[in-house]
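Some notes on the structure that comes next.
Where a number appears in this text, it was derived from the coordinates with a stated rule and is not lab data. A quick note: this is a predicted structure, and the numbers were derived from the prediction, not measured. No Cβ is skipped: glycine too gets one built from the backbone with ideal geometry, and neighbour counts run over all protein chains shown.
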């Protein structure tokens, strides 16, 4: 079977050339795995549910023609010159709901078709007993041109028995209103849009953070690290307070440090499914959550050099072990947040 017709690809078989099949996030993870391993870190084991898997899902459920028609209708609404803002918004909302309902009604189960292929890959690669994260990976996602961070849903601590349901939910979330509006703002046509999904073994981070190889606010050539306790979702979403480190790119020395009041963290829910906010131990709240050994600038600079672009790198640390969860161009982060905010305002 040719690469372009594979339902699932393991991390080891993915690199930047696979972006049309596994999306931007998936391709980046495969591309950086060997780089970060060389410097003593790792990327957690992962499977990429490909864009072809989504196409097969539509075909097996006789939904492909309807999906193609709805995609073309969205592009037509955006291109129409004679529609008022209210009419355009109303039609886009209606089409978004139709697409998500279309995917919802499709059958994806472990007994047959593409669902069976996905679950067989999970078993074959030893993830059948693992807690998993399920994340989006669009074709333009995490590229210099467009970063769809936050535009689609993410599911954490997923039991393999619930994996197929979560994959369907991630597929559906590609057509939430704010994702559609964001893609349009970046002049990305909806028609060719095919979602991929990253299924990855959960890493129970004790400390998580985001490292920017260039200051995303001032543009200064200095490393900025924002780090807090617990899982990275709390740091990335702004739900928890963080420490902020300004680090010299050449010798790794800390130039400046702001210690946040880290009263809460995002952690695994006591039920074992999903996450919840938990209090941080009193004695840890007002002390730095990273020590000198945790600040590994060689990995960051290697990734910046590899891509020849400043990088926005998400990481986690547990028991002294560093994992890299994703990397993307730093220059898009602030603009992305502004565009997603505008999309939310359009909906309101």
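Rounded to the nearest 500, the helix-only mean residue ellipticity at 222 nm of the chain stands at -12000 deg cm²/dmol, with each DSSP H run of n ≥ 4 adding -39,500 (n - 2.57). Compactness ratio for the stretch 174-281: Cα radius of gyration over 2.2 N^0.38 Å (N = residue count) comes to 1.35. Taking the DSSP bridge list for the stretch 3-201 and keeping only pairs wholly inside it, about 100 percent are antiparallel. A compact globular protein would have a Cα radius of gyration near 2.2 N^0.38 Å; the ratio found for the stretch 24-99 is 1.71. Compared with the alpha-carbon gap, the fully stretched path from residue 62 to residue 80 is longer by 3.6 nm at 0.36 nm per residue.
Using a Gaussian network model of the chain in which every pair of alpha carbons under 10 angstrom is joined by a spring, one finds that among 156, 284, 176 the greatest mean-square fluctuation is at 284. Among beta bridges identified by DSSP and lying wholly in the chain, the antiparallel ones come to about 95 percent. Per residue, the Cα convex hull of the stretch 1-128 amounts to 152 Å³.
May I ask you to sort 168, 25 by Cβ crowding, counting other Cβ atoms within 10 Å and putting the fewest first? Walk me through the intermediate numbers first.
Working: 168 20, 25 28.
Starting with the residue having the fewest Cβ neighbours, the order is 168, 25.
Dividing the mean sequence gap of close Cα pairs (under 8 Å, 6+ apart) by how many residues the chain holds gives a relative contact order of 19 percent.
Going by Cα centres, the stretch 278-319 and the stretch 24-42 are how many Å apart? A separation of 16 Å, based on Cα centres. Taking the chain as a Gaussian network of alpha-carbon nodes connected by springs under 10 Å, the highest mean-square fluctuation of the residues 276, 137, 20 belongs to 276. If you restrict to DSSP beta bridges whose two residues both lie in the stretch 207-332, what percentage is antiparallel, to the nearest 5? Just about 95 percent of them are antiparallel.
Going by how many other Cβ atoms sit within 10 Å of their own, how do 247, 14, 93 line up, fewest first? Spell out each step's value before the answer.
Working: 247 21, 14 25, 93 14.
Fewest to most other Cβ atoms nearby, the residues stand as 93, 247, 14.
Going from the residue with the fewest nearby Cβ atoms within 10 Å to the one with the most, 289, 166 rank 166, 289. In the chain, the ratio of gyration radius to Kirkwood radius, Rg to Rh, stands at 0.97 when only Cα atoms are counted.
Express in % the proportion of alpha carbon pairs of the stretch 207-332 at distances exceeding 18 Å.
Details: 4048 of 7875 pairs.
Of all Cα-Cα pairs in the stretch 207-332, 51 percent lie more than 18 Å apart.
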